[in-house]
Amino acid sequence: MAVRVLRAGGAASAGSFLRRAGPCSLQPGLWKLASSINRPREDSWLKSLFVRKVDPRKDAHSNLLAKRETSSLYKLQFHNVKPECLEAYNKICQEVLPKIHEDKHYPCTLVGTWNTWYGEQDQAVHLWRYEGGYPVLTEVMNKLKENQEFAEFRKARSNMLLSRKNQLLLEFSFWNEPVPRSGPNIYELRSYQLRPGTMIEWGNYWARAIRFRQDSNEAVGGFFSQIGQLYMVHHLWAYKDLQTREDIRNAAWHKHGWEELVYYTVPLIQEMESRIMIPQKTSPLQ
């Protein structure tokens, strides 16, 4: 009888019949058919509960998050050096990079240059600032192509590297401006890969969270990527030593409100990495 009903009434009548019959009175095959008939409607209802409404925006995320009073662009470089070449690599960097930094012919600033101490080993990290954005970056790159010393530096450097990558960054409007400081210090670069679409949420939370981390002047700079690996955030911190780092970070948990902001930002993160870095001798950030 059930088979005849299915043939005569079609899918719609079959669904109503099977719902009246209930799972206990049906053969296993017919109950599976009933479930598949109802599932699209149920799935549609469930999906409607989780659809995120998109707020209309009149501006790019970068314009909403970045400093408006400046148009600085940052370049963050990661160089993985052959272990046996690290000393020679540091030497040529200390000879050449400060010359570019100090030469007014090149409108760029070496913010800091480090070796990774804890994290990925035999690695150098360089942070450059281009005040004036992409036009200045292009100007510097074109001028360096004509610099014979820099060409020789790049050739020698290439023989010392295993791999390299870079990112172009903007700085968050609510973070400190990275300016030279005396040492000795260690630096922590905390890098966060965010879930796509969550940069505004991250910025909103950290605009409040940063006030909890200013007491010891440890906050150096905060950046987010524009080109390279996207939805990347980098926070740069300075500490006297590892124990001071531990003490300052533990103290933040005793400040009312910090734990709530951490609670809401953690779900935005896909991956995170911490590097402890030692500044090279010629780094403006010591």
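General remarks:
- Neighbours by Cβ (under 7 Å, 6+ apart or cross-chain): first from segment 86-101, more than 15 Å from residue 151 (Cβ to Cβ); second open to solvent by 60 Å² or more (accessible area, probe 1.4 Å): 94/281
- Meets criteria (surrounded by fewer than 16 Cβ atoms within 10 Å (Cβ to Cβ), assigned to a strand (DSSP E or B) and small (Gly, Ala, Ser)) for residue 163: yes
- Beta carbons closer than 9 Å, at least 6 apart along the sequence or on distinct chains, pair a first residue in segment 129-141 that is farther than 14 Å from residue 167 by Cβ with a second that is part of a helix (DSSP H, G or I) and open to solvent by less than 60 Å² (accessible area, probe 1.4 Å) for 140/100.
- Count of segment 252-281 residues, restricted to those that are part of a loop (DSSP other than H, G, I, E, B), of a type outside the set (A, V, I, L, M, F, W, C) and surrounded by fewer than 17 Cβ atoms within 10 Å (Cβ to Cβ), is 5.
- Scope segment 134-160; condition buried (at least 16 other Cβ atoms within 10 Å of the Cβ) and of a type in the set (S, T, N, Q); matching residues: 147
- Residue 91 passes every criterion in (1) out of contact with any Leu (no Cβ under 7 Å at 6 or more places or on another chain); (2) in a strand (DSSP E or B) apart from (2).
- Note on segment 194-231: residues that are surrounded by fewer than 20 Cβ atoms within 10 Å (Cβ to Cβ), in contact (Cβ under 8 Å) with a residue 60 or more places away in the chain, of a type outside the set (Gly, Ala, Ser) and not in a helix (DSSP H, G or I) amount to 5.
- Residues within segment 169-193 that are buried (at least 18 other Cβ atoms within 10 Å of the Cβ) and in a strand (DSSP E or B), tallied: 10
The values are calculated or read from the model by the stated rules, or taken from the named source; none is laboratory data. Everything numeric here is computed off the predicted structure, so don't read it as measured data. Note: ideal-geometry Cβ built from the backbone for every residue, glycine included; neighbour counts use all protein chains shown. These accessible areas exclude ligands, DNA and RNA; they are computed on the full protein's heavy atoms, side chains included. Shrake-Rupley method; radii C 1.70, N 1.55, O 1.52, S 1.80 Å.
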